[in-house]
Amino acid sequence: MNRVRKATTLLAAAALATSSATISACAPPPADVGLLTADGVTRVSVQTADYSAQLEAFNVSARKLSAALLADGGDATNGNVVSSPSSLLIALSMLRAGASGPTAAEMDAVLGLPAEGRDEAMNALLASLEKFDGDPGSVDEENPPRTPVMHATNGLFVDKGVPTGEGYLATLAKHFGTGVYPVSFQDEAVTKPAIDQWVSKNTGGRIKEAPAKYSRDNTFSLLNALYFAAAWQTPFDANDTSDRPFTKADGELINVPTMNTGTSMAYAEAPGWKAVDLPYAEGFVMRLVLPDGGASGSPGSATVSAEVLGDVAEQLSGAEPGMVQISLPKWDHKTTFELREVFETLGLKETLATDKDFDAIQQGMKLTQAAQAANITVAEKGTIASAVTQVNAEASSAFIPERQIILDHPFHYEIVHVETGMPLFTGWVADPR
């Protein structure tokens, strides 16, 4: 592998243009590090309507990733899992933009990525989410905003001494809006805080450190961050919140704080499940899927499959909103995932093993770490959620409605972007405590 320690023309020119962007022992604090984009390239404008087929393929892929993440469970010890399949999909799409050969073919097959217009369609998805962009640091999380904040951003930290493909950087800038930090990974005392500061800033401080283990041998760190904050269309009345029974998968009966209301929402049911789209004030819903009791007789004894989630999405998309009585526990959960294990389960073996199919990014690049951290808080006023995915590599009411849903045993949830149908966050509530 070529280990010549010189920067690409792109990164060298960028570093000369702004000394604050070159991180060294005598550089400014991490908060002052300037974010760069590829020279002469700006994110191109695309129309969501032009990529409807590709966006649906992304939704199918996200549901597959959702099932894999929830089945893996991350570091959860009590059965509660929260994840972001869309954050993982965006990060993998950025990685795919620099893949070739068997690895590119494997990623396309396993993830079901569209054969044409892949990067443009991801641009369209990000542009659609951008309509709700805002500063996570400005959100009062005790009072989620009526106008949702959906902050999605991408970043790339590359070693300033290792050539990084200009074509790859240009693609990330054009379609992912990805800025580039040229850093020295050997200088852990400066670079690790810089990456952590990027993570904290883009999640409103809910995630304070990058999820993947830091290594001085890395030369590449790709990140996606998502932050969501929104009030319910109809807030739950805190006076109606009371302890109600919740039956865990093992049959144990516990009492948990449960919110109650009747409001208009889409409702669907089929053998084995019932589901609703609980609306936020604008642009998003929380999709709640309550499975029937499992074969063992214990409610919610298994998580919900990607195929069932596809059926749920199809039925709810055509359902007319109607009055539904809902009882929903409050919860505050967080999960961290070692994604290499998830990749193995999915079948991304070549992606993990190759040291040549990412040469368009860096010569001889091989993945070293991949991780995700996610959290969510659900209460009477609304929802706050955040996630960071990181991939590292080295080069070497009185009205009683007819229908109701009482979520009193383990259930699945998603936060869904209405315009595209993309499941941004997904999780499994086994014990709301």
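Here, each number is a calculation from the coordinates, and none is a lab measurement. Please read all numbers here as calculations on a predicted model, not as lab measurements. Every residue, glycine as well, gets a Cβ built from its backbone with ideal geometry; the counts of neighbours run over all protein chains shown.
General remarks:
- Whole-Hz Karplus values for the stretch 318-324 come out as x, 8, 6, x, x, 5, 9 Hz, taken residue by residue from phi with 6.51 cos²θ - 1.76 cosθ + 1.60 and θ = phi - 60°; glycine and proline positions read x.
- Taking a straight Cα-Cα cut-off under 20 Å and skipping sequence neighbours fewer than 8 places away in the same chain, the aspartates and glutamates within cross-link reach of K192 are D32, D159, E209, D217, E338, E394.
- Nearest-20 debye value, the chain charge dipole, Cβ charges on Lys, Arg, Asp, Glu: 940 debye
- Kirkwood Rh (inverse of mean 1/r, distinct Cα pairs), the chain, angstrom: 22.3 Å
- Whole-Å semi-axes of the stretch 79-220's equivalent ellipsoid (Cα gyration tensor): 25, 23, 15
- Site pair D133 and E282 shows an inter-label distance of 1.7 nm when each label is modelled 7 Å from Cα along Cα→Cβ.
- Here the stretch 314-431 is treated as a Stokes sphere of Kirkwood radius computed over C-alpha pairs; at 4 °C and 1.567 mPa s its diffusion coefficient rounds to 72 µm²/s.
- By the Stokes-Einstein formula, at 1.567 mPa s and 4 °C, the stretch 339-404 with its Kirkwood radius over alpha-carbon pairs has D equal to 84 µm²/s.
- Candidate lysines for bridging to K248, where Cα separation is under 19 Å - those fewer than 8 sequence places away on the same chain excluded: K274, K330, K334
- Within the shell of other residues whose beta carbon sits under 12 angstrom from the beta carbon of E142, the net charge comes to -2, with Lys and Arg scored +1 and Asp and Glu -1.
- For Y267, Y227, the sequence from fewest to most other C-beta atoms within 10 Å is Y267, Y227.
- For the stretch 140-218, a simple Cβ point-charge model (Lys and Arg +1, Asp and Glu -1, everything else neutral) yields a dipole of about 140 debye relative to the Cα centre.
- By other beta-carbon atoms within 10 Å, ranking K160, K131, K330 with the fewest at the front produces K131, K330, K160.
- Working value for the stretch 139-204: equivalent-ellipsoid semi-axes of 29, 18, 4 Å, each the square root of 5 times a Cα gyration tensor eigenvalue, largest first.
- Near the amide H of H417, within less than 5 Å, lie the amide hydrogens of M422, L424, all on another chain or at least 5 residues away, with H placed in the peptide plane.
- Dipole of the chain, positive direction: furthest Cα of L226, A173, I254, with charges on the beta-carbon: A173
- The stretch 136-268 - Rg over Rh from alpha carbon coordinates, Kirkwood radius: 1.15
- Hydrodynamic radius (Kirkwood) for the stretch 95-157, which is based on Cα pairs only, to one decimal in Å: 14.4 Å
- Here the residues T389, T234, T354, ranked from fewest to most Cβ neighbours within 10 Å of their Cβ, fall in the order T234, T354, T389.
- Among residues other than I361 with Cβ under 14 Å from its Cβ, the summed charge is -3 (Lys and Arg +1, Asp and Glu -1).
- For A49 and E320, a Förster radius of 25 Å and the Cβ-Cβ distance give a FRET efficiency of 0.55, rounded to the nearest 0.05.
- Averaging 1/r over every pair of different alpha carbons in the stretch 39-110 and inverting the result gives a Kirkwood radius of 14.5 Å.
- With the convex hull of its Cα atoms as the shape, the stretch 184-227 has an orientation-averaged projected area of 2.9 nm².
- A helix-only calculation puts the chain at -8000 deg cm²/dmol for mean residue ellipticity at 222 nm, using -39500 (n - 2.57) for each DSSP H run of at least four residues, averaged over all residues.
- Principal axis dimensions, the stretch 267-366 - Cα atoms, whole angstrom, descending: 58, 39, 28
- Near I384, once Lys and Arg are set to +1 and Asp and Glu to -1 for all other residues with Cβ below 12 Å from its Cβ, the sum equals -1.
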